[in-house]
Each structure stands twice: as structure tokens, then as C-alpha cells.
1. Taking neighbour counts of Cβ atoms within 10 Å as a proxy for exposure, in what order, fewest first, do C84, C304 appear?
2. How large is the helix-only mean residue ellipticity at 222 nm for the chain, computed as the sum of -39500 (n - 2.57) over DSSP H runs with n ≥ 4, divided by its residue count, in deg cm²/dmol to the nearest 500?
3. Can you list the residues, at least 5 places off or on another chain, whose amide H is less than 5 Å from the amide H of M77, using H built in the peptide plane?
4. Can you give the alpha-carbon Rg of the chain over 2.2 N^0.38 Å, where N counts its residues?
5. Mind sorting T15, T263 by how few other Cβ atoms lie within 10 Å of their own Cβ, fewest first?
6. Contour minus end-to-end for A42 and D257, with contour as 0.36 nm per residue of separation and end-to-end as the Cα-Cα distance?
7. Looking at segment 48-139 from every direction and averaging, what is the projected area of its Cα convex hull in nm²?
8. Using a 10 Å cut-off around each Cβ, can you sort E114, E149 from fewest to most neighbouring Cβ atoms?
Amino acid sequence: MPHQFEPLPLDHLLTTPLARRSHKVAVPDFARVLPKGASMAAFVDALPKQLAGLEFRAAVDAVASAHKNDRPVIWSMGAHIIKCGLSPWVVELMRADVISLVAMNGAGAIHDIEVALVGETSEDVSTLLGDGTFGAAEETGAFMAEALENGEGGMGGRLGKALLASRPPHLEHSILGQAAVLGLPVTVHVALGTDTAHMHPKADGARIGEASLYDFRLLAGAVAQLSGGVYLSVGSAVILPEVFLKALTAARNLGHDVRDFTTVNMDMIQHYRPVENVLRRPTRTGGRGIALTGHHEIMVPLLCHAVMELITK
């Protein structure tokens with residue numbers, strides 16, 4: 001037999017005066033409307049003191065503070081940062097000595113090299129997959145294979161030096177190339193078989209693995225000094241969060257007390273691995289994780305511009 005229900009009478013429900021109730025939102029925390037021509041610093045200061053408004057401020061302050069106190073700022077990134085046209089901002093932070101090390105996945109290196117070589121990158125995968133020409137560019141794979149064959153050290157360093165030596169027409173837009181100019185470390189973390197360059201006839205798994213493993217150890221060396229610094233994961237859902245977690249545990253295993261740092265995950269959506277492996281697990285024993293969600297082509301310039309204005313006041 002179905003249950004029978006009657007409306008609950010609310011005549012004697014106890015109410016509370018607004019003045020006695022606690023509140024999470026107040027007028028002093030509202031956003032402020034700015035006059036025309038206001039500075040970026042004023043824009044950040046005028047954000048509402050709520051949710052991502054507070055988190056964005058905290059991320060900017062953490063990067064600026066690390067820069068001021070000579071602590072590492074590690075910028076790890078997926079390939080979409082390059083495909084969204086954001087390399088100039090990464091290079092700008094490198095030139096300003098804000099970024100201490102750039103870590104990228106193999107796809108990031110591919111797009112960066114193609115930008116340097118021809119000023120363009122990114123294929124229409126759906127169209128080219130049909131006839132098997134997707135990922136079959138001659139110059140990209142050949143350049144990477146030759147750089148690994150003739151260079152020494154890590155993959156990021158070898159590729160950057162090769163770009164610097166060849167002087168391609170768009171070198172100023174290359175993160176790898178400009179890092180070589182500045183003497184700044186870039187590490188490239190490859191999963192074999194995930195990148196189009198691995199299909200190239202000249203691809204050598206032993207050299208790729210050797211150079212990428214060197215870069216893992218180099219990143220671990222930077223993470224070992226991360227206390228008081230910032231680790232940013234920008235647009236990498238799997239590879240870089242996994243690499244960071246292993247680099248951190250290796251550093252701690254070897255006796256480096258890596259604590260009290262800030263991690264920032266910036267992506268269009270918050271994926272499981274960055275949330276767990278960048279924001280939560282690493283900072284559980286000291287530090288703070290900050291999630292900033294939004295389109296790269298908007299969020300990255302906002303963050304970078306805000307940092308640059310803060311450190312050059």
C-alpha cells in the first residue's frame with residue numbers, strides 16, 4: 001500500500017533575525033567597478049573577495065613572493081598552452097627571471113619546434129588520420145632525432161641548443177629556443193608512443209628514453225629545492241602531474257624536506273590527476289593547492305600580466 005503524506009504545518013517554525021545570523025558574503029567583499037584605464041594591479045585588487053577571486057590573488061601573490069625571495073617557480077605545461085598562442089607570456093616570465101624551470105610533455109616540444117621552424121603548428125587530426133598522413137611531418141621528427149643524436153644531457157637542453165644553432169625564422173616564439181638563449185632549464189617528459197615524432201623513421205627509443213630520464217632527474221633536483229616556491233601545472237591532465245608526484249617523492253626519499261610550497265593547477269576543467277597529484281597529496285604535510293579553472297587563452301595572460309605588474313612596481 002502506498003505511503004500517505006500530509007503537508008507539514010510551518011506555523012510554529014522558529015526564525016532567526018538577520019542581525020544574529022552569520023554570513024559568508026558581505027558588501028565589503030564585493031567586486032569594485034574600476035574607471036577606464038585602471039591598472040592590472042587595480043583590476044586584481046578589485047576582484048570580489050570570494051571563491052576564485054581569492055584564489056587568483058593567492059596564486060599571483062605566491063609567484064611574486066617566490067620571485068622576491070629567490071625561491072623556485074616551476075612552470076609545467078601541456079601542449080595546448082603553445083597551441084593557444086601563449087608562448088610569448090611563458091617567454092616573458094622566463095626573461096623576467098620569474099620562471100626557474102619549464103617542464104613540458106613531448107607534444108609541447110613538437111609544437112614548440114614547429115612554431116620555431118615554420119611559424120605554424122597543429123594538424124587537423126580527423127582529416128589527416130583517414131589517409132595516414134597525420135603526424136608524418138618530415139622536418140619535425142628529423143630535427144628532434146638529429147638533436148638527440150648529436151647533443152648531450154636532457155631532451156629539453158638538446159632541443160633548445162639545436163634550435164639556437166640552426167637559427168630558425170621564428171626562434172623568438174620558441175620556449176625551448178629562448179630557454180637556450182637565457183640558460184634556463186627546460187625538461188621534456190615523454191611517454192613513448194604518445195607523440196607523432198615517435199613514428200618518424202629516425203626516431204630512436206634509446207636516445208629518447210635516455211634524454212627524457214635525464215630531464216626527470218633534473219626536474220627532481222629542482223623540486224628538491226621547492227620549499228617556499230611555486231609549482232604550476234598549466235594544461236596537463238596526465239603526464240606532468242604524474243611526473244611531478246614521482247619527482248617529489250624521490251626528493252623526499254633522498255632526505256630533502258620539501259614543505260610549505262604552493263601548487264597551482266590551471267586548466268579548462270579540473271581533472272583527477274592534477275587535483276590529487278598537484279594540489280592535494282603534495283601539500284598535505286605543508287603548503288597550499290590552488291585550482292584556477294578557465295580557458296587558457298584568457299587565464300594565462302591574466303595571471304602572467306598580474307605577476308609581471310606586481311614584481312615591477
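1. Working: C84 15, C304 22.
So the ranking, lowest neighbour count to highest, is C84, C304.
2. Working: 12 runs with 138 residues, N = 313.
The per-residue figure over the chain is -13500 deg cm²/dmol.
3. Under 5 Å from the amide H of M77: A103, M104, N105, V234.
4. Working: Rg = 23.4 Å, N = 313, 2.2 N^0.38 = 19.5 Å.
This ratio for the chain stands at 1.20.
5. On the way: T15 5, T263 29.
Neighbour counts put them in this order, fewest first: T15, T263.
6. 73.7 nm
7. Values: hull surface 33.3 nm².
Quarter of the Cα hull surface area: 8.3 nm².
8. Details: E114 22, E149 12.
Ranking E114, E149 by Cβ neighbours within 10 Å, fewest first, gives E149, E114.
Every number here is computed from the coordinates shown, using simple stated rules; none is lab data. All of these numbers come straight from a predicted model, not from anything done at the bench. Note that each Cβ is placed from the backbone with ideal geometry, even for glycine, and that neighbours are counted across all protein chains shown.
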